[in-house]
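Everything on this sheet refers to the single structure shown next.
The values are calculated or read from the model by the stated rules, or taken from the named source; none is laboratory data. Please read all numbers here as calculations on a predicted model, not as lab measurements. Here the Cβ is made from the backbone with ideal geometry for all residues, glycine too, and neighbour counts use every protein chain on show. Remember, those area values only see protein heavy atoms, side chains included, never the ligands or the DNA or RNA. Shrake-Rupley method; radii C 1.70, N 1.55, O 1.52, S 1.80 Å.
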Amino acid sequence: MKFRWERGFKETEIGVIPKDWGVETLRWAVKNLESGNRPKGGVLEYDSTGVLSIGGENITWQGDLVLENCLRFSDEFYKSLRRGKIEKEDILLVKDGATIGKLAFISEIPEGKAMVNEHVFLIKTDKEKYHPRYLFYYLFSEIGQFFIESSISGSAQGGINKSILDTVSIPKLNLPEQTRIATVLSYFDDLIENKKRQNEILEKTAMAIFKNWFIDFEPFKDGEFVDSEIGRIPKGWEVNFISKLIVFDPFENLDKNVIYPYVEMKHVSTTSMVCEFDHKYYTGSGSKFRFGDTLFARITPCLENGKIAFVWFLNNDEKGFGSTEFIVMRGKYEYLKEFTYLFAKTDEFREFAINSMSGTSGRQRVDKEALEMYKFVIPPPPILQKFYSLVEPLFQKIIFNQKQIMLLRKIRDKLLPLLVFGNLRVEEV
């Protein structure tokens, strides 16, 4: 790669850019701007095996897609659509609702076939003029986000309409240079995606081992089994309340008006143990946790959606806090950290928690006392320690990968405005 620092600039409505660049509106770079739809009628034609329909809630602030809880509609409905079908290199823009303005780039079509609903725009770039990934990086930048936010119209939450094509200004530069810039920045995003895929495989491996050991008892099939209240279990194991192994909402003391790491519900994924976090002054309320604790969403619909996180970002002597809508789960022994998270992720425990919820419609919660009463087949400590020796390295690798992801994002975010606005010119890749 070959770079050089630009020395000749001019002031424009998008800020300082090289003298040989221009400014255009988004319309110049876009071949088509279209939104999706969903089946008409009082009852949605939901099909659990159908085509993914992506909405604003499926796009994160980091530009990632969370597809586990996407609605799906029939293939016949997908085929009937004239607009809203996702194609490779489309840009997704949330046009209304609580997550308005969020963006995602489609490097690969999820499951080979997907669509957006009526709350998401598909930006289809004119590839003869503009590189789709460069356009995404510009819109993702601070200036790009400013223009998008300025395009929001209407009362209450407001919305983005097709006038965005004329209200968002973009840099005008030659296509080869756009391609070089997009190539450099995409190196970082590709590395990040590889790390994420590694983490997904590592977590699935850990969960498979958990189920193999503690649900199916596969490694113990050749041993002696005895009758219990829930069926045949390995001899020496017992059926007991999970509170024998796990403490729910353990006491922690935090100092008021001190800044601690903070986790909101939006920071927690439905598909991964690693969560995002912020920093915030502690004012006296919130769930309190340490490294290795599990954060379990207690409120609808977050519980049903599977928002569960492993506290990975603290040192052993640090504390943090989060939303009051988390129940903190902590293994009673050091070797139970990973066990506790994997246990919380099981379908059986989550189903029990969901059935234990109470409260008014739309604001139902589960209490820790209900979770403490869940019965589980508890093995002797040596088996739990052996399990720990298998899964702890997997968790450590996930944490190491996540720290690398954060570093890659930090480097990319530092480079992005320098490259996108021409302060640092890419001459060769």
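Please work out the FRET efficiency for the pair LYS375 and ASP347, using the Cβ-Cβ distance as r and a Förster radius of 22 Å; give the result to the nearest 0.05.
FRET efficiency, LYS375 to ASP347: 0.90.
Give me the number: length gained by fully extending GLN404 to LYS244, i.e. 0.36 nm times residue separation minus the C-alpha to C-alpha distance, one decimal in nm.
Once the chain is fully extended between GLN404 and LYS244, it gains 54.0 nm.
What is the dipole size for the chain, taken about its Cα centre, with +1 at each Lys and Arg Cβ and -1 at each Asp and Glu Cβ, in debye to the nearest 20?
Using Cβ point charges on Lys, Arg, Asp and Glu, the chain gives about 820 debye.
Quick one, can you get me the convex hull of the C-alpha atoms of region 97-252 expressed as volume per residue in Å³?
Hull volume normalised by residue count: 257 Å³.
Using a ≥ b ≥ c from the Cα gyration tensor of region 148-219 (square roots of the eigenvalues), is it rounded, prolate or oblate, where a/c under 1.5 gives rounded and otherwise the larger of a/b and b/c decides, a/b for prolate?
Because a/c hits 1.5 or more and a/b fails to exceed b/c, region 148-219 counts as oblate.
DSSP loop chymotrypsin sites (Phe, Trp or Tyr not before Pro) in region 1-75 with at most 14 other Cβ atoms within 10 Å of their Cβ, which ones?
Here the sparse-neighbourhood loop sites are TRP61.
Place a +1 charge on the Cβ of each Lys and Arg in region 130-224 and a -1 charge on the Cβ of each Asp and Glu, then give the dipole magnitude about the Cα centre in debye, rounded to the nearest 20.
The dipole of region 130-224 has a size of about 400 debye.
Restricting to DSSP loop positions (anything but H, G, I, E, B) with no more than 12 other Cβ atoms inside 10 Å of their own Cβ, which GluC sites (Glu not before Pro) remain in region 1-104?
GLU13, GLU68, GLU87
Run through the DSSP bridge list for the chain and note the antiparallel percent, rounded to the nearest 5.
Here the antiparallel bridges make up roughly 90 percent for the chain.
Between TYR281 and TRP61, how high is the FRET efficiency from 1/(1 + (r/R0)^6) when r is the Cβ-Cβ distance and R₀ = 25 Å? Nearest 0.05.
0.70
Can you list which of the DSSP-assigned H helices in the chain have a Cα extent of 18 Å or more along the long axis and an average Kyte-Doolittle score of at least -1.0?
For the chain, where a helix must reach 18 Å along its axis and average at least -1.0, the hits are 175-214, 381-420.
Plugging the Kirkwood radius over Cα pairs into Stokes-Einstein for region 1-110, at a temperature of 20 °C and a viscosity of 1.002 mPa s, what D comes out in µm²/s?
126
Enter the per residue convex hull volume of region 190-325, computed from alpha-carbon coordinates, in Å³ rounded to the nearest integer.
155
Quick one: grab the alpha carbon gyration tensor of region 201-254, order the square roots of its eigenvalues as a ≥ b ≥ c, and give me rounded if a/c is under 1.5, else prolate or oblate depending on whether a/b is larger than b/c.
Here region 201-254 falls in the oblate category.
Taking the alpha-carbon distance from LYS235 and a cut-off under 19 Å, which lysines remain once sequence neighbours fewer than 8 residues away in the same chain are dropped?
Answer for LYS235, where 19 Å is the Cα cut-off: LYS211, LYS221, LYS244, LYS375, LYS386, listed by chain and number.
Filter the trypsin sites (Lys or Arg not before Pro) in region 164-251 down to the DSSP loop ones having no more than 15 other Cβ atoms within 10 Å, then list what survives.
Passing sites in region 164-251 are LYS221, LYS235.
Per residue and in Å³, how big is the convex hull formed by the alpha-carbon atoms of the chain?
For the chain, the hull spanned by Cα atoms encloses 189 Å³ per residue.
Using a 7 Å offset from the Cα along the Cα-to-Cβ direction at both SER358 and LYS40, what is the distance between the two label points in nm, to one decimal?
With each label point 7 Å from Cα toward Cβ, the separation is 4.6 nm.
Cα-based Rg of region 301-386 per 2.2 N^0.38 Å, rounded to two decimals?
Normalised Cα radius of gyration, region 301-386: 1.20.
So with the 1.4 Å probe, I'd like the accessible area per residue for the chain, rounded to whole Å².
Value for the chain: 48 Å² per residue.
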